[in-house]
Amino acid sequence: MAGKLHHEELYRGPGAMARLAQVPVTLCGAGALGSHLADNLARQGFTQLRVIDRDRVEEHNVSTQLYGVAEIGTTKIDALRNRLYRSTGVEIDGIVKELTDRNVRTLLKDSSIVIDAFDNSNSRQLVTAHCAANNIPALHVGLFAGYGEVVWNENYRVPADAEGDTCDYPLARNLILLTVAVASETLLSYVLEGARVDWTITLRDLTVRPLLSPAH
């Protein structure tokens, strides 16, 4: 009988799922991008997932994040851990903490790859600096209005925080899911083929383009 990853294995080729299962990935943030990324990666063969997030599920998260109304008030880590275990059998290493300069080394240790899906500049800067200093591959995934980006650490520039309430900004669910798909495929291409490509995504014209580095 075909297994739970049967279609992915047929598409990726023999041995791909076994390789993905051996890669420790730390995902920073379990919000709009992070929650859907964790779900995608678990369904594509990653089994060693650490996820860091300090927040709880709020009502306004329901339209853009993986969570439902029954999980409002629960920590995002607990909600994500329960969902992924029920749907895929993958048990994440969930950490309900804020990433700081005091704990960044501990929280990101033993990571083969770090994915930055945080929603604030300070946390993104911590990930950027730590991964650069320790030669850890880091993939940054971000959104702004109708624009998304998926950028490896060497070409990434930390954006300034948006003004006003961080929860009160326009955000389309379809942009989130499109950006998540690009980020997932970028990570898979790196793990399975060694390719490192940066991307920009625009929702209005449904366009995904390679992002040229400053050297170009």
Would you pick out the residues in region 174-216 that are assigned to a strand (DSSP E or B) and either touching a helix residue (DSSP H, G or I) at 6+ places or on another chain (Cβ under 8 Å) or surrounded by 19 or more Cβ atoms within 10 Å (Cβ to Cβ) (or both)? TRP199, ILE201, VAL208
Say whether the condition of being surrounded by 15 or more Cβ atoms within 10 Å (Cβ to Cβ), within 18 Å of LEU27 (Cβ to Cβ), β-branched (Val, Ile, Thr) and without any contact (Cβ under 8 Å) to a residue 40 or more places away in the chain is met by at least one residue in region 149-157. no
Which condition does ALA79 not pass, out of (1) touching a Phe, Trp or Tyr at 6+ places or on another chain (Cβ under 8 Å); (2) surrounded by fewer than 19 Cβ atoms within 10 Å (Cβ to Cβ), if it passes all the others? (2)
Test result for HIS140, touching a strand residue (DSSP E or B) at 6+ places or on another chain (Cβ under 9 Å), part of a helix (DSSP H, G or I) and either touching a residue at least 24 places away in the same chain (Cβ under 8 Å) or surrounded by fewer than 15 Cβ atoms within 10 Å (Cβ to Cβ) (or both): no
With respect to GLY89, determine if the residue is surrounded by fewer than 19 Cβ atoms within 10 Å (Cβ to Cβ), modelled with pLDDT under 95 and not aliphatic (A, V, I, L, M). no
Among the residues of region 34-41, is there at least one that is buried (at least 23 other Cβ atoms within 10 Å of the Cβ), over 21 Å from THR106 (Cα atoms) and touching a Ser or Thr at 6+ places or on another chain (Cβ under 7 Å)? yes
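The values are calculated or read from the model by the stated rules, or taken from the named source; none is laboratory data. For clarity, every value in this text was computed on a predicted model and none was experimentally measured. Note that we place each Cβ from the backbone using ideal geometry, even for glycine, and neighbour counts take in every protein chain shown.
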